[in-house]
Amino acid sequence: MPSSSSVSLSATRPRRRVALRAVEVGTAGLRLRAAGFLGLAALCVVSHRLLQALTQSLGMAKAVAEGDLTSRVAVRGSNEAAQLLGALVHMNDRLRDIVHSVRTNSEGVATASAQIASGSADLSQRTERQASALQEAAASMEQLGSTVKTSSDNARQANQLALNASTSWP
């Protein structure tokens, strides 16, 4: 028959194993919970960064839609949301450059148009003066033609009178 100390020792071993197993399961559970909480915390941080980048992207898109090309946003990170925000910032910068270029070119067109209008008005005034001078010259030519005709008629009459006088003179 086994001694009482060996019975108590053999009865204690399974209890110890169960207790150790319970501690292991409890520790594993704690580790699992800790990993879950860390994962949840990381998810919250990533979600916050994503939402922040998307909110900034939305704000910039709305500003561009309203015609405001002056908005500035700092891009942080390299995830898809940050890349989207970076693309919007680049688009905003290019649009600002295009608007500046169009403004500069339209000012140049306005200046050239004003110069053309001034030159056209000057040409119109000179053309009117030339037309007036031409009308005066035409009137003078008509008058000169009339004077030449009168002189020619007078010369013919004088010639006729001279012929008549020479034939009637004995």
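By how many nm would the segment from Asp68 to Val45 lengthen if fully extended, with 0.36 nm per residue of separation less the alpha-carbon distance?
Gain on extension, Asp68 to Val45, equals 5.2 nm.
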In whole Å, what three semi-axes, largest first, describe the equivalent ellipsoid of the chain built from its Cα gyration tensor (square root of 5 times each eigenvalue)?
123, 11, 7
Correct response: the longest run of the chain lacking exposed trypsin sites (Lys or Arg not before Pro), defined by DSSP loop and at most 16 other Cβ within 10 Å, is 77-170
So if each residue of separation counts as 0.36 nm, and I subtract the Cα-Cα distance between Thr147 and Ala114, what length gain in nm does that give?
7.0 nm
With everything on Cα atoms, drop me the angle between helix 4-65 and the longest principal axis of the chain, reported from 0 to 90° to the nearest 10.
10
Summing -39500 (n - 2.57) over the DSSP H runs of n ≥ 4 in the chain and dividing by its residue number, what mean residue ellipticity at 222 nm do you reach, to the nearest 500 deg cm²/dmol?
-34000 deg cm²/dmol
Enter the accessible area per residue of the range 43-170 (Å², integer; probe 1.4 Å; all protein chains in place).
79
Is there a quick way to get the dipole size of the chain? I mean about its Cα centre, with the Cβ of Lys and Arg at +1 and of Asp and Glu at -1; what is the value in debye to the nearest 20?
2480
If I model a spin label at Arg94 and Arg33 as a point 7 Å from the Cα along the Cα→Cβ vector, what separation in nanometres do I get?
5.4
Fraction of accessible area attributable to carbon and sulfur, the chain (%, probe 1.4 Å):
62
With His100 itself left out, Lys, Arg at +1 and Asp, Glu at -1 over residues whose Cβ is under 13 Å from its Cβ give 0
Between Ala137 and Ala121, what is the spin-label point distance in nm, taking each point 7 Å from the Cα along the Cα→C-beta axis?
2.8
Output ³J(HN,Hα) for the range 107-114: one whole-Hz value per residue in order, computed from phi by the Karplus curve 6.51 cos²θ - 1.76 cosθ + 1.60 with θ = phi - 60°, and x for Gly and Pro.
5, x, 5, 5, 5, 5, 5, 4
Residue by residue through the range 87-100, the couplings from Karplus 6.51 cos²θ - 1.76 cosθ + 1.60 with θ = phi - 60°, in Hz, x for Gly and Pro, are 5, 5, 4, 4, 4, 4, 5, 5, 4, 4, 5, 5, 4, 4
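The values are calculated or read from the model by the stated rules, or taken from the named source; none is laboratory data. Note that the structure is a prediction, hence the values are computed from the model and not measured. Here the Cβ is made from the backbone with ideal geometry for all residues, glycine too, and neighbour counts use every protein chain on show. We work out accessible area using only protein heavy atoms, side chains counted, and drop any ligands, DNA or RNA first. Shrake-Rupley method; radii C 1.70, N 1.55, O 1.52, S 1.80 Å.
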